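Down below is the structure, laid out as structure tokens.
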Amino acid sequence: MQTQQTNAITNIDQLFEAVGVNDKTLSRADKENLDKQGFLIVPGLLDKKWLEQLRAEFERLLAEHEKENGQHARQTTGTRHVDNLAAHGKLFEDIFSHPKLLAAARHILGDDLRFGGIHGRDPLPGFGQQGLHSDAPPRQPGTPYQVVTSLWALDDFTAQNGATRLVPGTHTETGLPPKETRQPGYYHPKQIFAVAPAGSAIIFNGHLWHSGTENKSKGSRRALQCVHVAPGYPYYTSIGEKIPEGVSPAARYLMSVSQIVGRQNEF
Ligand SMILES: O=C(O)CCC(=O)C(=O)O
């Protein structure tokens, strides 16, 4: 039987109060960057202790996964993945309900945003080059944005180890990136690399053209990748089905969609 939630959050203003978003969380420059460039690179959002805990948990969960499933990812895609981190406690809840991220997500997606998922990825040396893509379905002119992606650097993102590439301003494009642009080897004249110290978050409009790049170093390039979505997004209605036990009221709200799609008792 479902237990009654105390301090349940039922709207975005309560959510913002609970996690500590205020009207200074996002500066005017932040808003302008999100509107014009489509992204923010914010250093220092994870402090040393949090970073160390996240790295340790990333490795522990990955080792557990590989023990059960073998090292297929290492041998095929070349990227180590650790999925569904939302079920693994406050360490990760505090990422997807981080005030800076939520303020940016509201700016892009509006009031009915929800959390869409969080997983870890680590392109191994010699791997990681992707074609430019967006994380959202192609938009029609004038339609609202549907996805916000954030990448949380657990290692320094450097020019050598496969910093994410971004093409500023492309979040306003409609349709898919042209086919040639989607080839991994394609060099976009406007591309930039999100070089940033460990602990930074790269928060971007999910429609922005971006990609992983090759890890040319000998080390790791671990990141947590997180999405927030708007009601029109195809996965939106499935978010509320598997809310882990014991999550915070903020995380529960972000994982719940019942008031909007008519399910009962998810809040
Ligand atoms: O890890 C990165 O740098 C970007 C990853 C990405 O865009 C993806 O996996 O879709």
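The values are calculated or read from the model by the stated rules, or taken from the named source; none is laboratory data. None of the values given here were measured: they were computed from a predicted structure. Note that we place each Cβ from the backbone using ideal geometry, even for glycine, and neighbour counts take in every protein chain shown. Heavy atoms of the whole protein, side chains included, go into the accessibility calculation; ligands, DNA and RNA do not. Shrake-Rupley method; radii C 1.70, N 1.55, O 1.52, S 1.80 Å.
Using +1 on the beta carbon of Lys and Arg, -1 on that of Asp and Glu, and nothing else charged, what's the dipole of region 118-201 about the Cα centre, debye to 20?
260
Classify region 11-57: rounded, prolate or oblate, from the alpha-carbon gyration tensor (a ≥ b ≥ c, eigenvalue square roots; a/c under 1.5 rounded; otherwise prolate if a/b is larger than b/c)?
Note, shape of region 11-57 comes out oblate.
Loop only by DSSP, 10 or fewer other Cβ within 10 Å of the Cβ. Give me the chymotrypsin sites (Phe, Trp or Tyr not before Pro) in region 176-226 that pass, ordered by residue number.
Tyr187
Ignoring ligands, DNA and RNA, what accessible area per residue does the chain give at 1.4 Å, in Å²?
It amounts to 49 Å² per residue over the chain.
May I ask for the distance between the Cα centers of region 118-171 and region 185-235, given as a whole number of Å?
2
How large is the translational diffusion coefficient of region 38-183 in µm² per second when you combine the Kirkwood radius over alpha carbon pairs with Stokes-Einstein at 20 °C and 1.002 mPa s?
Estimated via Stokes-Einstein, D reaches 124 µm²/s.
What Kirkwood radius, in Å to one decimal, follows from the Cα pairs of region 55-137?
After inverting the pairwise mean of 1/r, the radius is 14.9 Å.
Distance check, please: which entries in Lys36/Lys242; Lys49/Lys100; Lys48/Lys218 exceed 25 angstrom between their Cα atoms?
With Cα atoms farther than 25 Å apart: Lys36/Lys242.
Whenever you get a sec, compute what percent of the accessible area on the chain sits on carbon and sulfur atoms (1.4 Å probe).
Carbon-and-sulfur percentage of accessible area, whole number: 49.
About the Cα centre of the chain, how large is the charge dipole given +1 on each Lys and Arg Cβ and -1 on each Asp and Glu Cβ? Please answer in debye to the nearest 20.
600
When we measure straight from the Cα of Lys67, which lysines land under 18 angstrom away, once same-chain ones fewer than 8 places off are left out?
Correct list for Lys67: empty, as no lysines qualify.
Would you mind classifying the chain by shape? Square roots of the alpha carbon gyration tensor eigenvalues, ordered a ≥ b ≥ c; an a/c under 1.5 is rounded, otherwise it is prolate if a/b is larger than b/c and oblate if not.
Verdict is oblate for the chain.
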